[in-house]
């Protein structure tokens with residue numbers, strides 16, 4: 001999403017193959033600029049002069065960069081040819097004459113709009129170049145380059161001199177570069193604060209938030225905004241002001257006009273850049289998306305204890321930080337007067353957008369962009385063919401082994417393309433794509449998603465128990481209650497809540513007034529009850545006399561309860577068989593859940609003579625190096 005000068009926003013519509021739409025904030029002023037079912041257009045960006053929209057399109061069968069007139073009239077102009085990999089987000093230079101992008105082959109390039117000449121700025125040896133920005137005068141590019149040592153470094157590229165200069169060294173990861181609007185500073189985020197958090201279960205530590213915002217003065221002549229200011233008052237003698245001659249005024253006016261171009265050029269003293277780094281006086285946190293307008297710096301922030309991200313502003317003149325509120329992201333218009341913000345409303349599956357004046361106080365959104373008329377006419381056959389082709393290209397460019405496991409990948413496309421062209425449902429297309437990718441015989445190559453019809457589902461409440469019908473009375477008897485931990489919301493058993501007081505062998509006579517004897521399945525009476533209060537009539541015998549009513553709140557599923565009970569049974573089985581000398585731990589996966597289960601069960605059993613580590617049905621992951629070393633120190 002992008003914003004130029006007014007209330008207009010180019011927006012990529014949610015059709016799977018991608019189209020570019022334009023919204024002026026009103027449903028009647030929304031239009032689809034491309035409307036192409038068989039082509040994926042993405043990463044649209046409005047030019048700073050408001051004349052063009054740049055985007056990436058696979059119209060040729062590969063990702064190329066195009067521009068089109070902002071109103072969608074005329075034919076799009078193709079700027080690049082001979083694509084050999086996947087291209088990432090394009091960014092206009094402020095003078096609207098060049099476009100900058102990075103690609104999957106770790107390169108950073110820009111293209112001249114007039115000549116269509118492509119210039120390679122730099123190439124990383126380690127990984128993709130992910131962040132890159134233009135200077136206000138369009139002559140410099142700041143970007144991060146991953147190093148082999150896993151450190152992110154910031155570099156400057158001189159478009160005129162074709163030279164690269166280091167901004168940060170290899171000791172600290174630095175990222176999110178941003179020029180200030182006047183070209184005096186280069187802002188960036190860097191992990192330079194080391195505050196260890198110690199574990200409460202073992203002698204180990206972790207570093208969480210390590211970042212602050214930093215700035216480097218591009219010119220040696222630029223003073224630090226935080227330099228000490230003297231309180232001393234200097235009194236000057238009054239002097240008579242000489243009247244300027246008309247000729248002199250005219251000469252100065254002429255000189256001002258001729259030097260206007262020179263004033264726009266920023267000055268960069270590349271010598272000693274790394275020694276002119278200044279820390280912004282902000283708290284250690286996670287920071288990203290820095291932008292600058294005059295003396296005000298905008299940035300996204302999230303601390304370790306924050307539940308939501310927020311946008312903040314630091315005023316260099318007042319040397320004060322202001323929190324502007326919780327939003328998901330923002331973009332500042334090229335004329336620096338407006339801001340496009342995104343915000344997810346409670347209960348909404350997607351974010352909404354609003355255009356506001358550049359804020360200096362907490363944001364209050366009074367009117368949101370109405371995107372209800374952002375629609376696309378889709379030819380499913382063309383769209384599905386495009387999705388198949390792009391899926392094939394994605395594997396070609398992103399697969400870890402260049403030789404594709406010795407699979408003839410071009411041949412695979414020829415074999416599976418007729419099948420893809422014959423499908424009649426989106427899920428069938430996903431299946432065909434999955435079969436094609438399966439030819440690579442590689443793990444972690446998942447296929448899913450897609451714009452498929454959504455079936456409305458009715459939830460069924462669960463009580464954390466197993467039931468059997470009493471043949472004589474027809475009522476349902478509680479055959480087994482799944483024991484849980486009611487202090488733990490993920491292991492809550494409704495029938496074991498305080499005050500319910502039911503036990504195995506009791507009968508459920510009715511649920512919300514409906515006799516359980518009148519239904520074939522007890523869950524018929526629990527339709528659409530998840531999270532809602534439900535009234536149960538229970539008794540120790542299958543009769544109304546002596547019955548009582550209790551209120552419970554059903555849960556969505558019982559999977560975690562069954563798993564918990566299975567583990568507890570295994571622990572008890574091992575305990576009985578070894579007279580308490582051997583412990584038992586089950587690790588369900590090598591992710592967060594598996595790590596939690598290990599820590600939860602390891603330390604209470606650390607003094608056992610032995611441990612059984614059960615990894616049956618383990619879902620995989622990568623946390624085993626975090627848990628296995630603990631076993632080394634067990635008593636042997």
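The values are calculated or read from the model by the stated rules, or taken from the named source; none is laboratory data. Computed from a prediction, not measured in an experiment: that's the story for all the values here. All Cβ positions, even for glycine, are placed from backbone atoms using ideal geometry, and neighbour counts span all protein chains on display.
Have a look at 415, 482, 440 and point out the one that is closer than 30 Å to residue 520 by Cα and either surrounded by 15 or more Cβ atoms within 10 Å (Cβ to Cβ) or in the same structural domain as residue 403 (by TED's automatic domain parsing) (or both).
Values: 415 fails: closer than 30 Å to residue 520 by Cα; 440 fails: closer than 30 Å to residue 520 by Cα.
Being closer than 30 Å to residue 520 by Cα and either surrounded by 15 or more Cβ atoms within 10 Å (Cβ to Cβ) or in the same structural domain as residue 403 (by TED's automatic domain parsing) (or both) holds for just one of 415, 482, 440, which is 482.
I want to confirm something. Restricting to the range 450-470 and keeping residues that are in a loop (DSSP other than H, G, I, E, B) and in contact with a strand residue (DSSP E or B) (Cβ under 9 Å, 6 or more places away or on another chain), which single residue is surrounded by the most Cβ atoms within 10 Å (Cβ to Cβ)? Can you show your working first?
Of the residues in the range 450-470, the ones in a loop (DSSP other than H, G, I, E, B) are 450-459, 461, 463-464, 470.
From what's left, in contact with a strand residue (DSSP E or B) (Cβ under 9 Å, 6 or more places away or on another chain): 458-459, 461, 463-464, 470.
Values: 458: 7, 459: 15, 461: 22, 463: 28, 464: 24, 470: 15.
In this case the residue turns out to be 463.
So, in the range 272-312, exactly how many residues are assigned to a strand (DSSP E or B) and within 15 Å of residue 215 (Cα to Cα)? Explain how you work it out, then say what you get.
Here is the first cut: in the range 272-312, the residues assigned to a strand (DSSP E or B) are 277-279, 285-293, 296-302, 310-312.
Those still in the list that are within 15 Å of residue 215 (Cα to Cα) too: 277-279, 287-293, 296-299.
Number satisfying all stated conditions: 14.
When the range 529-539 is examined, which residues are found to be exposed (fewer than 13 other Cβ atoms within 10 Å of the Cβ) and over 13 Å from residue 462 (Cα atoms)?
Hit for the range 529-539 is 535, nothing else.
Being assigned to a loop (DSSP other than H, G, I, E, B) and over 17 Å from residue 179 (Cα atoms) is the filter here; which residues of the range 195-220 pass it?
Across the range 195-220, the qualifying residues are 195, 199, 200, 201, 202, 203, 204, 208, 209, 210.
For residue 99, which of the numbered conditions (1) surrounded by fewer than 19 Cβ atoms within 10 Å (Cβ to Cβ); (2) closer than 28 Å to residue 163 by Cβ fails to hold?
(1)
Specify which of the listed residues (618, 570, 575, 579) is farther than 30 Å from residue 458 by Cα, surrounded by 13 or more Cβ atoms within 10 Å (Cβ to Cβ) and free of Cβ contacts under 8 Å to residues at least 12 places away in the same chain. Full working, then the answer.
Details: 618 fails: free of Cβ contacts under 8 Å to residues at least 12 places away in the same chain; 570 fails: free of Cβ contacts under 8 Å to residues at least 12 places away in the same chain; 579 fails: surrounded by 13 or more Cβ atoms within 10 Å (Cβ to Cβ).
One residue alone meets the criteria, 575.
Filter the range 582-597 for residues that are surrounded by fewer than 16 Cβ atoms within 10 Å (Cβ to Cβ) and out of contact with any helix residue (DSSP H, G or I) (no Cβ under 7 Å at 6 or more places or on another chain) and give the result. Full working, then the answer.
As a first pass, look at the range 582-597 and keep what is surrounded by fewer than 16 Cβ atoms within 10 Å (Cβ to Cβ): 582, 591-592, 596.
Within the range 582-597, 591, 592, 596 qualify.
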